[in-house]
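The values are calculated or read from the model by the stated rules, or taken from the named source; none is laboratory data. The structure presented is a predicted model; accordingly, all values stated were derived computationally and were not measured. Here the Cβ positions follow ideal geometry from the backbone for every residue, glycine too, while neighbour counts run over all protein chains shown. For the accessible areas, the whole protein counts, side chains as well, though only heavy atoms, and no ligand, DNA or RNA atoms are used. Shrake-Rupley method; radii C 1.70, N 1.55, O 1.52, S 1.80 Å.
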Amino acid sequence: MLLTSIKRILKNSAICATVISTVVFSTTISSQAAAYSVTPETGVLLSCVGTEVFSDANPGTYVTTVKANTPVNVIGRTSNGFWQVDVNGTPYYISQQALSTMPNKTAYRLTSFDAGAVLVANASNGKLIYSQGAMDKLEPASTTKIMTALLTVEAIEAGKISLETPVMVSNSALAALPSDASHVSPRLSPGEIMNVDQLLTAMMVSSDCQASNVLAELVAGSVPNFVAMMNARAAQLGCVNTNFTNPSGYPDVNMYTNAYSLYIITLNAISHPLFNQYFGKTTAVLPATNTCPTPRVITNTDSLMDATSVYYNPNVIGGKTGSANRAGQCLVSVASSEGKTVISVVLGAKTRTMFDGNRVAMRYAESNRLINLGFENY
């Protein structure tokens, strides 16, 4: 009844609102508001994309979400980070990171995550701590390479190949991939000889799609055979709504999975110490080969593991990025602190222009937020 009356007040005022929903498995994103003071303010600001309204200066009192670029009457500023706003004589509260002086900005959300799907889980007992759209079918982009690395590591552990096994890059491994699928320079070339260690490094550190295909041919004889292995292993692990069509995650409308299935794959993968050696590498040097006379220096594409990045998280011990037009920005991360290890998954995120004009890559910002939530609710 209370929610209905508040929605009616908002609808009849200058604030036109629509309700959003968040799927939560184990906990909600909420906190108790500490004692706060209110400093009077006078002015009108614009709502951002995703602006949330609260009945108190506390995320646990969420009411509704406001349409973007709507004028909002500000009457005060709280000491704990909220604007006090007036709606037909009734005070409500909006995060100070959710109103702007300029149109077409994005709010930092307090009760949901800005991505197509997210989850964070306890890696020790498998408990899902928080989930939002975790079963929704989405394209995984290069997070697919986690499965490719897992199958390669399992082949090594079974004695079928070794890290030193030499591999000749074939024409067939490169033929189906366009130039933007290569992330090492110079690109791999037909007839080039590399070993499994170098190929795993190129695939996991610089997200090279060509290396994925070369490994697939080595492990299964052909890329189609390897894809069949990927789907069989996914089913065996308990993945749902998952269909891999290539080893690299290169965009394909017929390839899809979900945040939950990527979590299951990653949870299994990190149980292999060899996998973690590549999952956590930040930089590497690929030595000269028969067709590349100079070493290739490569850097991990994951900003959470880059100490120079504004997104750097020293607790992150491994991760895999993914990015494509349809898939958006994707990221799977593993973080550990004080005996707590969590796995986070973000799919379908974007880079946003925030309330203050800053550009933020939400896959990194929201991953850090998920990791913190995971540690808090471990």
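Below, the figures for the structure above:
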| quantity | calculated |
| --- | --- |
| Any chance T242 is β-branched (V, I, T) and without any contact (Cβ under 8 Å) to a residue 12 or more places away in the chain | no |
| In the stretch 115-127, residue most open to solvent (accessible area, probe 1.4 Å) [restricted to those that are within 23 Å of A327 (Cα to Cα) and among the hydrophobic types (A, V, I, L, M, F, W, C)] | A115 |
| All positions within the stretch 276-294 that are open to solvent by less than 50 Å² (accessible area, probe 1.4 Å) and not small (G, A, S) | Y278, F279, L286, T289, C292 |
| Extreme residue, farthest from Q132 (Cα to Cα), among residues of the stretch 238-259 that are small (G, A, S) and surrounded by 21 or more Cβ atoms within 10 Å (Cβ to Cβ) | S248 |
| Where L347 falls short, out of the listed (1) open to solvent by less than 10 Å² (accessible area, probe 1.4 Å); (2) more than 22 Å from L128 (Cβ to Cβ) | (2) |
| When residues of the stretch 45-62 are limited to those that are hydroxyl-bearing (S, T, Y) and in a loop (DSSP other than H, G, I, E, B), the one least open to solvent (accessible area, probe 1.4 Å) | T51 |
| P273, sole failed condition from (1) open to solvent by 10 Å² or more (accessible area, probe 1.4 Å); (2) in contact with a strand residue (DSSP E or B) (Cβ under 9 Å, 6 or more places away or on another chain); (3) modelled with pLDDT of 95 or more | (2) |
| Evaluation of Q96 against (1) surrounded by fewer than 22 Cβ atoms within 10 Å (Cβ to Cβ); (2) of a type outside the set (A, V, I, L, M, F, W, C); (3) under 30 Å from S333 (Cα atoms); (4) at pLDDT below 95 (one fails), failing number | (4) |
| Members of the stretch 99-147 found to be closer than 15 Å to C48 by Cβ and assigned to a loop (DSSP other than H, G, I, E, B), listed by number | T101, M102, P103, N104, K105, A107, Y108, R109, L110, T111, S112, D114 |
| Complete set of residues in the stretch 295-335 that are touching an Asp or Glu at 6+ places or on another chain (Cβ under 7 Å), touching a residue at least 24 places away in the same chain (Cβ under 8 Å) and open to solvent by 80 Å² or more (accessible area, probe 1.4 Å) | R326 |
| Residue in the stretch 296-312 that is within 17 Å of A121 (Cα to Cα) and not in a loop (DSSP other than H, G, I, E, B) present | no |
| Tally of residues being within 28 Å of the chain's Cα centre (by Cα) and loosely packed, with under 15 Cβ neighbours inside 10 Å across the stretch 138-183 | 4 |
| Which listed residue is within 22 Å of D252 (Cα to Cα) and either surrounded by 15 or more Cβ atoms within 10 Å (Cβ to Cβ) or in contact with a helix residue (DSSP H, G or I) (Cβ under 7 Å, 6 or more places away or on another chain) (or both), from Q210, Q132, Q198 | Q210 |
| Residues that are open to solvent by 60 Å² or more (accessible area, probe 1.4 Å) and assigned to a strand (DSSP E or B), drawn from the stretch 63-86 | P71, N73, I75, R77 |
